[in-house]
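Step one of this worksheet: look at the structure below.
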Amino acid sequence: MSALPALPSGLSRPSMALLAHRLSQRESAALARIFSLPALAALGASANDSVCRFELLLWLAGRKPCCIVGFGDGRDEFQSAKGAQWVDEVWEPTKREFEAEERAPEDLKVFLASVKREKLDGVGSRTGIRTGDTILYSITSLSLPLVTSVFLQPSTNPFALRSLDSITRRAHYTLPESEIASALGYPVQHPMEDGHPPSAVHRLELYVAYRDTQMFATEYLANLSVNRAKVARHWVECWDALREVVGGQVVIRVRTWAGEPDVEARRLLEKEVRGLGVVLRKAEELPLWQDDEARMAKVWKELIAGSGSAEGKKKKKKNKKKNKKGKGKAEAVETVQAGAEENEEEDDDGPEQEQEPDA
């Protein structure tokens, strides 16, 4: 798998790496602050399981039609507000930074100019009622009609039904899981929608793995006995989307509906992935997370500061010549000024008078 596929979004991988670096810095700071709270520490909550940037990067890479940022099942306004806070503290500053940076890659600026955000209002399915969550989408994406009919204007969707949530007692539009899955970029719909019992359902959790840690990327449900090939292809697509953007490896955790690890199901899924030509690296072969952060920081320096890019070197060389030329002119001016000052001193003193000999 040496040849990397083009990203459907039109973003280059260097641009994606820049975004990944800045999002990582801001999200790490935000999560460190949030998970230092005693209440979350007492629950044993993990910041690595609450990472949102990889889900967002998959959307930026064009592997998802849109990105929904929220926590919980969408019914809790407090959890939804946390999602909006993440967008305010992590995504928005990053977006503004690149929009204001004149040396940012053009493809990145064009894409960011197309990105919009909205607050979801009552879109429901079997997996929850998305009320208050924040959606990020591109107005130039070919998937915009799908995103609009599912999340932005669900009343226009021919499959939408007006319903009343049994828990919150709020009215919302209920859509088939197939519609939700398509709009979120999942390879399969909710297995129970196809009549599969809970015992046949697997929870699939994709993580970006490093030698020393693993960070959440995305998750969905599937019946692997029926859809193993689709899930394997999706795994590979996510991996390809993030290669050369982050240095970690996309791994997958497979759990039963009850939440227990399913080792055999995971083994069979990995076999399917190897059949697609993927070489799964061992944990000790992966980079450390901090080393990957340093690598991305270097990409940031080269492409934004211009210290390593061809264009940056050209500008640097040009500026050096300009400075040298300017220095030469300054020295010449100083010499002329010095000569002028000497002449002025002579003029001030006047010509020396010849003394007449004593009589």
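The values are calculated or read from the model by the stated rules, or taken from the named source; none is laboratory data. Source: prediction; values computed, not measured. When we count neighbours, we look across all protein chains shown, and the Cβ atoms used for this are built from the backbone with ideal geometry, even at glycine. Note: areas computed on protein heavy atoms with side chains; ligands, DNA, RNA excluded. Shrake-Rupley method; radii C 1.70, N 1.55, O 1.52, S 1.80 Å.
Data for the structure
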{"quantity": "Condition broken by LEU268, with the remaining ones in (1) over 24 Å from ILE68 (Cα atoms); (2) in a loop (DSSP other than H, G, I, E, B) satisfied", "calculated": "(2)"}
{"quantity": "Residue that is nearest to SER24 (Cα to Cα) [pool: residues in segment 232-254 that are part of a helix (DSSP H, G or I) and touching a Pro at 6+ places or on another chain (Cβ under 6 Å)]", "calculated": "ASP240"}
{"quantity": "Within segment 37-146, strands (runs of 3 or more DSSP E) holding 2 or more residues that are open to solvent by 30 Å² or more (accessible area, probe 1.4 Å) and at pLDDT 95 or above", "calculated": "115-119"}
{"quantity": "Test: residue in segment 180-187 that is at positive phi, assigned to a loop (DSSP other than H, G, I, E, B) and open to solvent by 60 Å² or more (accessible area, probe 1.4 Å)", "calculated": "no"}
{"quantity": "Yes/no for SER178 being at pLDDT 85 or above, over 29 Å from LEU18 (Cβ atoms) and not hydrophobic (A, V, I, L, M, F, W, C)", "calculated": "yes"}
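To keep it simple, each residue is scored yes or no on (1) closer than 21 Å to LEU56 by Cβ; (2) of a type in the set (Lys, Arg); (3) without any contact (Cβ under 8 Å) to a residue 40 or more places away in the chain; (4) surrounded by 13 or more Cβ atoms within 10 Å (Cβ to Cβ).
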| site | (1), (2), (3), (4) |
| --- | --- |
| TYR207 | yes, no, no, yes |
| ASP212 | no, no, no, no |
| LEU224 | no, no, no, yes |
| PRO261 | no, no, yes, no |
| LYS282 | no, yes, yes, no |
| ASP292 | yes, no, no, yes |
